[in-house]
Amino acid sequence: MPLSDLPLELFAIAVIFAAGAAVFCAMMPDPLRYGRMERLAYCYPLGLTALGMPMFLFSYCGFHLNTIAVTLAVALALIAATMVRKVSLRKFFTALGESETARLSLNEFEWFLVVIILLCLGTRTLASMLAPLNDWDGVCIWGIKAKVLYFNTVKTTDYFSRPELAFSHPNYPLLWPFMYAWVCTVLGKWDDLGMLILNPVNLIVFTMLLYATLRKYVVRPVALSVTVIMASLPALLHYAECGQADVPLMLISGASLFCLFEWMSERRKDSLWLAAFLMGGALFTKQEGKILLIAQFCAGALSVWLGGPVAHRKKYFGQLVFYGAVAVIWALPWLLFECGITNYAWDFGGTGVSTFRWGEIPTLCKTIIANGLYFYNQVHLAKWDYLFPILLLGLLTQKTWRHHPWTGLLLVFILHAGAIGALFLVSRVELTMQAMEIAFERYTLVMLSPLWLLLAKCVNDAWLVWKKPASSVADESALTRAAGGHSGSQRASAR
């Protein structure tokens, strides 16, 4: 990638952040309630979501992407939003959050963890700037769509109706191809290496979001440790530089989950609106977004049932229904367009309940277990290290994650994994490790978002036992149970 193109690529990314900042200001009555790093990080997935659907609508009407038009629209929206909230741009991007106070200096161990995170993110950034599209899905599914959208429009192309292009899955959503096409539009040329500058940003922003979310519930050493595990995960490091949409989906749906979990913990409606808007972006990123919406909606419903007074259940469930409605309405133009695309793919086309392979359930279970436990995959790349044995040990030895709202996180994972398994049982895909390992690696990356929070909770509980006298821990556990696991008591413990 020529370094002379870097300023334009950074400008394209800045426009995405600015679009997200406009949405953040518009939806949050008090934007400065969030911490500075968290506030900035949310701007990126919000920007992807905010730009993706309008780009689709204009392309559907026959308009090509235009750098000046998009930039001007984003600038006007950001100015209007900050004026309504009476927050200057400088204050929005630099001011500390209301809950942020003077921080204690990092100790040697914490600095060591920070260095590991920076090294992992730095290597992925360099790899993304040097390595072109190099895998089947990146080239033949997401890259080809981006090229179609750059040189053509949704209205004028015949891409979505050609059976010979079924291998590229024309019915897959278009948010990520539009983002690649946006970078190329700013560059003024088709550049399938330069557009990959977006890939490391996904990982960097998710790292920031995960750490900021963990710090609300666990102590700093635990938050840093779990963030290190995530940022150094071999499978994630590999797919972060690929041109696929799994890591963008992990980012957008993970951001939505973090906001939903805050609503489950504190019943803040503004957090739920952010979660709803982001889930609309997930629906426009991959087909898997539909599963995520159902899984997270069910987790929210469980939260309504378990948390809070019975008298408030109707109100909270109404808010949750509105959450689902906002997500679907935002993605509705694509969902309607998708209905007109014939699925010619051999693997899922024409399948349904009648093709469910009950006899293959044991084979699928063996493949899933092997995917989690194998240290290397079939192309000799490291996978998960010891993540899943560590996570299983934490869930078996710690109990406080079983209380509201933490149970909802496990439900999200179970429903997500179960739905993916059911889809493959009705498909024509061979369910062996040889055939399914690479796909399961990518699905697992998205499924891990709730597990990162659960892992941190388990480690934090063990940390508190180790650091505090037994009497203090017993008193603290009693208070937590009495409060129904409300995050306020957990945050007090973290501080």
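One table, with the values for the structure above:
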read-out	value
Residues (in a helix (DSSP H, G or I) and touching a Lys or Arg at 6+ places or on another chain (Cβ under 6 Å)) located in segment 32-79	Tyr60
Residue within segment 60-80 that is modelled with pLDDT under 90, within 24 Å of Trp273 (Cα to Cα) and surrounded by fewer than 17 Cβ atoms within 10 Å (Cβ to Cβ) present	no
Residue that is assigned to a helix (DSSP H, G or I), within 21 Å of Pro45 (Cα to Cα) and without any contact (Cβ under 8 Å) to a residue 24 or more places away in the chain, where the choices are Gly122, Gly138, Gly143	Gly122
Residue tally, condition more than 17 Å from Gly408 (Cβ to Cβ), out of contact with any Phe, Trp or Tyr (no Cβ under 7 Å at 6 or more places or on another chain) and not basic (Lys, Arg), over segment 244-273	4
Checking Val201 against (1) of a type outside the set (Asp, Glu); (2) within 20 Å of Leu3 (Cα to Cα); (3) at pLDDT below 95, the condition it does not meet	(3)
Any pair with Cβ under 8 angstrom, 6 or more apart, that starts in segment 55-76 at a residue that is on the phi > 0 side of the Ramachandran plot and ends at one that is buried (at least 16 other Cβ atoms within 10 Å of the Cβ)	Gly62/Thr153
Of all residues in segment 397-446 being over 22 Å from Lys290 (Cα atoms) and touching a Leu at 6+ places or on another chain (Cβ under 6 Å), the one that is surrounded by the fewest Cβ atoms within 10 Å (Cβ to Cβ)	His404
Matching option when the condition is more than 22 Å from the chain's Cα centre (by Cα), surrounded by 13 or more Cβ atoms within 10 Å (Cβ to Cβ) and either under 25 Å from Leu278 (Cα atoms) or not aromatic (Phe, Trp, Tyr) (or both), among Leu46, Leu89	Leu89
Residue count for segment 205-224, restricted to those that are over 15 Å from Arg39 (Cα atoms), buried (at least 22 other Cβ atoms within 10 Å of the Cβ) and of a type in the set (Ser, Thr, Tyr)	0
Tabulated pairs, segment 417-442, first acidic (Asp, Glu), second crowded, with 16+ Cβ neighbours inside 10 Å and outside any helix (DSSP H, G or I), C-beta under 9 angstrom, 6+ apart or interchain	Glu437/Asn377; Glu437/Lys383; Glu441/Asn377; Glu441/Lys383; Glu441/Trp384
Matching residues, segment 394-412, being free of Cβ contacts under 8 Å to residues at least 60 places away in the same chain and within 23 Å of Phe440 (Cα to Cα)	Leu410
Criterion violated by Gly372 - all others in (1) under 30 Å from Arg428 (Cα atoms); (2) over 25 Å from the mean Cα position of the chain (by Cα) satisfied	(2)
Any chance Phe206 is part of a helix (DSSP H, G or I), over 30 Å from Lys467 (Cβ atoms) and either touching a residue at least 12 places away in the same chain (Cβ under 8 Å) or of a type in the set (Lys, Arg) (or both)	no
Subset of segment 352-368 that is more than 12 Å from Gly421 (Cβ to Cβ) and β-branched (Val, Ile, Thr) - its residue that is surrounded by the fewest Cβ atoms within 10 Å (Cβ to Cβ)	Val353
Matching option when the condition is out of contact with any helix residue (DSSP H, G or I) (no Cβ under 7 Å at 6 or more places or on another chain), of a type in the set (A, V, I, L, M) and either farther than 24 Å from Tyr239 by Cα or modelled with pLDDT of 95 or more (or both), among Leu423, Leu393, Leu464	Leu393
Residue match in segment 157-165 (condition: modelled with pLDDT of 90 or more, over 27 Å from the mean Cα position of the chain (by Cα) and over 22 Å from Asp347 (Cβ atoms))	yes
Residue ranges of helices (runs of 4 or more DSSP H) in segment 288-385 with at least 1 members closer than 24 Å to Gln434 by Cα	288-306, 361-373
Residue satisfying all of: in segment 167-204; among the small types (Gly, Ala, Ser) and under 27 Å from the mean Cα position of the chain (by Cα); surrounded by the most Cβ atoms within 10 Å (Cβ to Cβ) among these	Ala181
Residue pairs meeting the criteria (Cβ under 7 Å; at least 6 apart or on separate chains; first more than 17 Å from Asn152 (Cβ to Cβ), in segment 187-199; second not in a helix (DSSP H, G or I))	Leu193/Met1; Leu193/Pro132; Gly194/Met1; Leu196/Gly243; Asn199/Glu241
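The values are calculated or read from the model by the stated rules, or taken from the named source; none is laboratory data. Bear in mind that the values here come from a model prediction, so they are computed numbers and not experimental data. Heads up, the Cβs are rebuilt from the backbone with ideal geometry, glycines too, and the neighbour counts pull from every protein chain shown.
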